[in-house]
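Have a look at the structure below, then the notes.
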Amino acid sequence: MSISENLNTDLEAQNDATAENESSVTNTTDESNPVKVEATETSDNIEQKPEVTTPTEVNNENEELTQKEASAEKVIEIPVEDYATYSQEELLASLKKLSNNYPVQLIKDQVEDIRKCFNKNFDEKAAKSKEVFIEEGGNEIDFYFTTPLKREFNELYFNYKDKKNDYYKTLKTNLEKNLKHRLELIDQLKELISSNETVNKKFNSFKEIKEQWHQAGAIPRDQNNVVWNTFYHHVDKFYEIIHLDREFRDLDYKHNLEQKVKIIERAKELTQETNINRAFRELQVLHKIWKEEIGPVAKEYKDLIWDKFSELTREIHDNRQAHYAEQDAKQEENLIARKDIITQINTLTEAPKSNHSDWQKAMQKVEELHERFKKVGRVPNEFKNTIWDEFRTAERGFNKAKNEFYKQIKGDQLENLKKKRDLIATAEANKDSDEFDIVTPLMKRIQSEWKSIGHVPRKDSDKVWKQFKDACNYYFDRINNKKEAASAAQEEALVKKTDFLETLKSHIVTDLDSVISKINEWKNFGSVPYKKRKIEDEFSQVLDGMFAKLNLNKKEAELIKFDNKLAEMSSQNNERLLLDEKSFIRKRMDELKSEILQLENNLQFFKHADKSNPMVADVYKKIDKFQDDLSLWKEKWNKIKSL
């Protein structure tokens with residue numbers, strides 16, 4: 001049975017129904033302009049809870065707008081974001097998006113939230129910059145800090161303010177204009193009632209006044225009820241005066257009843273709507289249409305249809321309250337989860353960490369907790385800002401402890417630098433000595449001490465190593481130069497290797513086995529005189545060409561060449577060559593580890609960026625390359641240690 005049939009059935013049982021007691025007299029609508037009630041799309045994720053509209057009143061929060069504008073704007077959904085998680089760049093982009101895509105009068109809360117978060121982020125950076133400025137000897141009075149982002153944000157925000165002010169100035173003018181027009185229509189209706197025109201002319205003029213009234217825009221809120229009640233008071237007087245009032249009123253009542261039945265049917269559908277916010281906002285529109293756009297119905301239907309509409313309204317409100325109760329419970333759970341994460345960060349800060357590895361693990365864990373914190377859902381509004389303040393305080397505490405540790409590390413590195421420079425001074429002071437029996441043990445001892453000293457600042461590492469290596473090599477080269485000339489066997493090996501190298505340059509490479517065979521032949525020739533060891537480098541270059549023709553990967557080629565190099569060093573029976581090579585490999589491994597660590601730290605600055613970002617992708621590419629290189633040098637290290 002349809003709602004209209006139900007109404008007729010209920011009417012028979014309620015012959016003594018009282019007159020409808022709505023909060024104010026409402027508008028009538030011509031039969032030629034039926035009400036169209038449609039579902040509208042809204043967002044599910046609305047944290048703010050709009051005021052509940054009771055069955056006997058309509059939420060007039062947009063009273064400044066025309067009726068059409070009010071109806072349209074009630075179903076516009078503005079995205080609600082947790083701007084506290086955004087960077088300054090993201091906040092600026094969000095402000096641009098809101099300004100360009102949404103009516104300026106609807107985005108006040110979002111814009112102010114963005115502005116608050118941006119200024120808070122900016123103030124934190126300014127405070128850090130001020131600390132550095134003062135630490136470097138600057139005068140606090142002279143400190144000034146701004147950024148291009150800040151200037152761009154301010155310009156965009158003030159443009160928004162100007163647009164909003166212009167909108168409300170225009171709106172106020174339109175409201176006053178609409179009020180004046182409606183008062184003129186009331187005066188016209190008064191004159192029509194007292195005029196001596198024929199009934200037909202009066203009726204036509206009445207219809208024209210009603211049509212203009214229906215099309216007129218919104219008026220100031222404080223005038224709304226008085227003006228609407230006055231107009232419909234004179235409408236009733238007009239009906240009483242003309243003799244055709246009953247037939248015309250019955251037709252008007254019938255049309256209004258049909259429209260209100262449509263609203264009731266739509267409200268019934270809204271009780272089943274799963275999107276609670278969508279249902280509530282459309283209910284607001286239905287109430288506005290019921291009160292302001294549709295006129296009264298016959299007395300026998302007034303209480304009946306209003307009771308049905310009120311009952312459906314209460315059901316929608318109950319659904320909404322249940323939804324928010326469930327949402328509140330979930331937000332309380334989220335608050336507990338976020339507090340637990342803050343506690344974990346504080347625990348990590350307090351946990352003892354004695355070395356770089358411990359801090360790296362702790363930093364990785366804090367980063368994971370940071371991401372988890374961001375992914376936790378919304379918390380109650382009263383804790384929205386304070387929980388983020390607590391989180392940032394916890395992270396700042398961790399970073400402060402980390403910085404203090406690395407400041408200490410820096411101090412240790414400077415102390416190590418001093419020790420290594422002392423060893424350099426010793427090496428350079430003795431490199432020209434001819435007292436080989438005394439100085440040689442000394443040089444070996446300081447080489448051993450050099451290895452036991454920890455890291456130095458990266459900017460000085462290569463420089464001090466080169467100074468120390470040059471001094472030591474200079475001394476040991478002098479010893480080698482004083483040794484007897486190369487043996488006849490070494491000279492013979494040199495001749496053989498020279499001839500072999502010439503024939504090898506024209507050799508056609510067929511497969512890897514043939515290349516390895518040539519390497520073995522080269523090894524079998526034996527070692528060459530120390531001063532002629534450059535021929536080994538020439539042989540290595542020829543091997544590079546052979547490997548290239550075989551499309552051999554870099555790692556395999558390097559290891560094959562390294563095996564040959566180790567064989568040559570072993571045949572030389574020169575411990576210094578092996579020690580130098582071992583030291584070089586260890587240094588190269590340390591450099592690669594340092595490069596990888598630096599790149600991984602750099603990624604912390606791009607933690608919000610996607611991996612498809614060209615800059616981020618390039619960092620990951622470099623890390624992969626250094627990891628491959630490190631793997632190669634580790635294998636070389638294992639080979640030379642096995643000798």
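If I filter the stretch 78-95 down to residues being of a type in the set (Asp, Glu) and not in a helix (DSSP H, G or I), which single residue comes out as farthest from Tyr167 (Cα to Cα)? Among those residues, the one meeting the criterion is Asp82. If you filter the stretch 186-223 down to residues that are in a loop (DSSP other than H, G, I, E, B) and either among the charged types (D, E, K, R) or open to solvent by 50 Å² or more (accessible area, probe 1.4 Å) (or both), you find that the one that is farthest from Ile294 (Cα to Cα) is Asn196. Being under 26 Å from the mean Cα position of the chain (by Cα) and in a helix (DSSP H, G or I) is the requirement here; does Arg378 meet it? Answer is no for this residue.
When Val619, Val528 are checked against the criterion of being under 29 Å from the mean Cα position of the chain (by Cα) and open to solvent by less than 30 Å² (accessible area, probe 1.4 Å), Val619 stands alone in meeting it. The number of residues in the stretch 447-457 being surrounded by fewer than 17 Cβ atoms within 10 Å (Cβ to Cβ) and polar (S, T, N, Q) comes to 2. Does Asn154 satisfy the condition of being part of a loop (DSSP other than H, G, I, E, B) and free of Cβ contacts under 8 Å to residues at least 60 places away in the same chain? Spelling it out, it is not the case that Asn154 is part of a loop (DSSP other than H, G, I, E, B) and free of Cβ contacts under 8 Å to residues at least 60 places away in the same chain. For the stretch 307-355, residues that are closer than 30 Å to Gly397 by Cα and either of a type in the set (A, V, I, L, M) or open to solvent by 70 Å² or more (accessible area, probe 1.4 Å) (or both) total 18. The residue list Lys130, Lys96, Lys120 contains one member that is open to solvent by 50 Å² or more (accessible area, probe 1.4 Å), under 17 Å from the mean Cα position of the chain (by Cα) and under 30 Å from Arg396 (Cα atoms), which is Lys120. Selection over the stretch 122-150 of residues that are part of a helix (DSSP H, G or I) and among the polar types (S, T, N, Q) gives a count of 1.
All conditions in (1) under 25 Å from Phe525 (Cα atoms); (2) in contact with a Ser or Thr (Cβ under 8 Å, 6 or more places away or on another chain) hold for Phe547, with the sole exception of (2).
Annotation: of all residues in the stretch 543-560 being open to solvent by 30 Å² or more (accessible area, probe 1.4 Å) and under 14 Å from Ile519 (Cβ atoms), the one that is modelled with the lowest pLDDT is Leu552. Taken as a whole, the stretch 458-473 holds at least one residue that is touching a residue at least 40 places away in the same chain (Cβ under 8 Å) and exposed (fewer than 14 other Cβ atoms within 10 Å of the Cβ). Total residues in the stretch 262-277 satisfying the condition of being in a helix (DSSP H, G or I), open to solvent by less than 40 Å² (accessible area, probe 1.4 Å), of a type outside the set (Gly, Ala, Ser) and touching a Leu at 6+ places or on another chain (Cβ under 9 Å): the figure is 4. For the stretch 224-242, taking the residues that are of a type in the set (A, V, I, L, M, F, W, C) and assigned to a helix (DSSP H, G or I), the one that is surrounded by the most Cβ atoms within 10 Å (Cβ to Cβ) is identified as Val235. In the stretch 133-183, the residue that is surrounded by the fewest Cβ atoms within 10 Å (Cβ to Cβ) out of those that are of a type in the set (S, T, N, Q) and farther than 30 Å from Trp228 by Cβ is Asn139. For the stretch 494-506, does any single residue satisfy the condition of being more than 55 Å from the chain's Cα centre (by Cα), within 20 Å of Leu577 (Cβ to Cβ) and either among the charged types (D, E, K, R) or surrounded by 14 or more Cβ atoms within 10 Å (Cβ to Cβ) (or both)? Yes, the conditions are met somewhere in the stretch 494-506.
Annotation note: Cβ proximity below 6 Å between a residue of the stretch 426-439 that is within 14 Å of Asp477 (Cβ to Cβ) and a residue that is open to solvent by 90 Å² or more (accessible area, probe 1.4 Å) (sequence gap 6+ or interchain) occurs for Lys431/Tyr474. Would you call Glu536 open to solvent by less than 40 Å² (accessible area, probe 1.4 Å) and modelled with pLDDT of 80 or more? For Glu536, the condition - open to solvent by less than 40 Å² (accessible area, probe 1.4 Å) and modelled with pLDDT of 80 or more - is met.
Of all residues in the stretch 96-111, those that are assigned to a loop (DSSP other than H, G, I, E, B) have Cβ atoms under 7 Å from Cβ atoms of residues that are of a type in the set (D, E, K, R), 6 or more apart or on another chain, in Pro103/Glu73.
Looking only at the stretch 399-439, filter to residues that are part of a helix (DSSP H, G or I) and open to solvent by less than 30 Å² (accessible area, probe 1.4 Å); which one of those is farthest from Leu348 (Cα to Cα)? Checked the stretch 399-439; the qualifying residue farthest from Leu348 (Cα to Cα) is Val439.
The values are calculated or read from the model by the stated rules, or taken from the named source; none is laboratory data. All values derive from a computational prediction rather than experimental measurement. Cβ atoms come from the backbone with ideal geometry, glycine included; neighbour counts cover every protein chain shown. Protein only, heavy atoms only, side chains kept; ligands, DNA and RNA dropped before computing areas. Shrake-Rupley method; radii C 1.70, N 1.55, O 1.52, S 1.80 Å.
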